[in-house]
Amino acid sequence: MEKLADLPPTALIALGVTLAFIFVVRHFGLASGEKAGPENKAPIAAVIVDPTALNKATAAVEEHTAVMKRQTDVIEDAAKHLGHLATEMDRIREELRIRREIERSAR
């Protein structure tokens with residue numbers, strides 16, 4: 001506490017304003033919580049407890065997971081095909097290079 005006395009006045013004012021803001025927010029938060037009676041809490045509890053919404057959400061997530069798995073498989077297949085194409089392109093390039101060398105040596 002003796003270190004607080006050593007602070008400049010602007011720092012003390014900022015500290016006081018910050019503490020006051022925290023207490024005001026806490027007070028209004030508690031007051032609004034007290035105003036919320038059981039009638040305001042029931043719809044939220046019904047949504048949380050309702051199993052149909054949870055089942056629909058679970059089914060949607062499972063379907064999304066299946067689609068993403070299929071997409072991953074397609075992308076992996078495409079990557080394999082691109083790898084094969086790249087290998088063939090390398091072979092063609094090498095064959096063209098060999099043909100150019102043969103034509104140069106024939107001249």
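We did not get these values from a lab; they are worked out from the coordinates using the rules stated. Note that this is a predicted model, so its numbers are computed, not measured.
Quick notes on this structure:
- Here the 3J(HN,Hα) profile of the range 58-73, calculated from phi with Karplus coefficients 6.51, -1.76 and 1.60 at θ = phi - 60°, is 5, 5, 5, 5, 5, 5, 4, 5, 5, 5, 5, 5, 4, 5, 4, 4 Hz, Gly and Pro shown as x.
- Counted residue by residue at 0.36 nm each, then reduced by the alpha carbon distance between them, the extension gain from HIS84 to ARG70 reaches 2.9 nm.
- Extension gain, ARG93-ALA20: 0.36 nm per intervening residue step, less the Cα-Cα distance, totals 18.7 nm.
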